[in-house]
1. Given H placed 1.01 Å from N in the peptide plane, which residues other than close sequence neighbours of TYR248 have an amide H under 5 Å from its amide H?
2. For region 37-52, what does the Karplus curve 6.51 cos²θ - 1.76 cosθ + 1.60, with θ = phi - 60°, yield as ³J(HN,Hα) per residue in whole Hz, taken in order and with x for Gly and Pro?
3. Per DSSP helix of 4 or more residues, -39500 (n - 2.57); summed, then divided by the residues of the chain. What does that give at 222 nm, rounded to the nearest 500?
4. Along the positive direction of the dipole of the chain (beta-carbon charges: Lys, Arg +1; Asp, Glu -1; about the Cα centre), which of ILE98, PRO253, MET69 reaches farthest?
5. Out of these labelled values of Cα Rg over 2.2 N^0.38 Å, (i) 1.16; (ii) 1.05; (iii) 1.23, which was calculated from the coordinates shown here?
6. By average Cβ neighbour count within 10 Å, what is the ranking of 248-261, 273-286 from highest down?
7. Please get the size of the charge dipole for the chain, origin at its Cα centre, with Cβ charges of +1 on Lys and Arg and -1 on Asp and Glu, quoted in debye to the nearest 20.
8. Highest mean first, what order results for 100-106, 118-124, 129-135, 19-25 on Cβ atoms within 10 Å?
Amino acid sequence: MISKKRILKTFGRCYRCFKKILISGLIILVVSLALLELSFRGYVINFYGYVFEGLNPSVASNESKETLMLIGDSFTAYPLGYPAVLRDSLPEYYHQNISVPGTSIREQFLFGRNHIKQSNPKVIVYQFYVGNDLFGWDHTLNWQEVSFARNTFWWSSERIWVLSFLNFRLISLVPMPTTKILEEYKNANSFPFSPDLYSYRDKLYFVADSFLVENSISLKNGREEDFLEYASRLKHLLSYASEETDIYILIIPHRSQVSKVNLDRMKSIGASFSEEYLSSDDYPLKEEFESYFSGDNRIQILDPLPYLKKAEEAGVETYYNNDSHLNQQGQYILGQFILTQIKESGVNIR
């Protein structure tokens with residue numbers, strides 16, 4: 001019969017062994033994460049290279065053309081959207097799209113500066129989205145209504161930048177069944193608007209901060225500081241472009257801005273708006289963009305909101321029913337708007 005003393009001794013050895021393995025594993029994890037973080041911040045390898053390869057054709061036959069570069073998130077990473085309108089209408093340029101869904105200026109600065117230095121683009125279109133770009137820079141933590149894991153990830157990703165890339169990479173590696181993809185596409189495109197079918201991510205943001213859109217547009221409740229930090233990082237990114245580069249900062253509006261129907265739909269999924277905001281046509285975010293970059297003659301601020309409003313008034317829906325992205329019609333209108341602005345700047349259009 002095994003004595004109690006021997007059992008305790010064996011258990012003690014196992015515990016010490018497990019403790020050593022656990023400590024060693026944690027040390028390896030921390031060191032590996034630190035090295036990965038340093039590599040990501042220095043962007044010593046092209047972390048998002050596989051995304052850019054999918055968005056851009058071979059550059060071999062385009063060496064003699066000047067470059068038109070697009071930088072943005074999922075609005076611009078959609079190759080059949082406004083990037084296609086620009087590509088078809090401006091064949092004299094090589095169109096380089098370095099947009100990544102889910103990124104903000106934090107990640108875009110890291111990979112964008114290298115591409116700007118390498119390509120020396122003649123034209124840059126930088127896309128900003130009213131709906132969540134400031135939120136992506138500084139997440140609103142809501143420990144009461146949003147899960148502990150989600151809050152922890154948001155908080156950590158603002159300090160350990162590579163976490164956002166790892167999350168993006170993990171999502172892209174997880175195979176999604178074709179039926180699931182078709183279901184999400186149908187929800188966004190085919191079915192009438194429904195709070196139950198609407199994009200989970202958008203609803204989650206409103207749970208975290210129901211006044212997110214108003215705060216971003218009006219630059220209040222902390223978003224004014226977020227804007228200054230965001231704009232400072234964007235200014236640094238654009239400093240890598242030459243003095244001859246024509247730069248357009250494109251402000252894509254949130255759907256709640258384009259019509260009352262869309263505004264009411266956003267209210268039904270959790271968005272809140274003050275009476276002061278609803279009774280005003282002021283656009284502080286746009287005005288601050290214009291003011292902040294007014295000293296740089298290369299930069300022009302593009303606001304497609306009036307064009308999208310006009311389309312909605314004419315009965316043309318510009319956003320998906322159950323997603324906050326522009327639909328095909330909205331993307332086409334956006335592309336035509338950008339072309340008009342570029343043409344007015346002196347670029348010849350076919």
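Please treat every number below as a calculation from the coordinates, not as lab data. Computed from a prediction, not measured in an experiment: that's the story for all the values here. As a convention, Cβ positions derive from the backbone with ideal geometry for all residues, glycine included, and neighbour counts pool all protein chains shown.
1. Distant-sequence amide H within range of TYR248: ILE124, VAL125, TYR126, GLN300.
2. Listing the rounded values in order: 5, 4, 5, 5, 5, x, 6, 6, 10, 7, 4, 9, x, 5, 6, 5 Hz.
3. After summing the helix terms and dividing by residue count, I get -16500 deg cm²/dmol.
4. My answer, from the dipole projection, is ILE98.
5. Here Cα Rg over 2.2 N^0.38 Å agrees with entry (i).
6. On the way: 248-261: 20.9, 273-286: 12.8.
Sorting 248-261, 273-286 by mean packing, highest first, produces 248-261, 273-286.
7. Rounded to the nearest 20 debye, it is 2780 debye.
8. Top of the packing list down: 129-135, 100-106, 118-124, 19-25.
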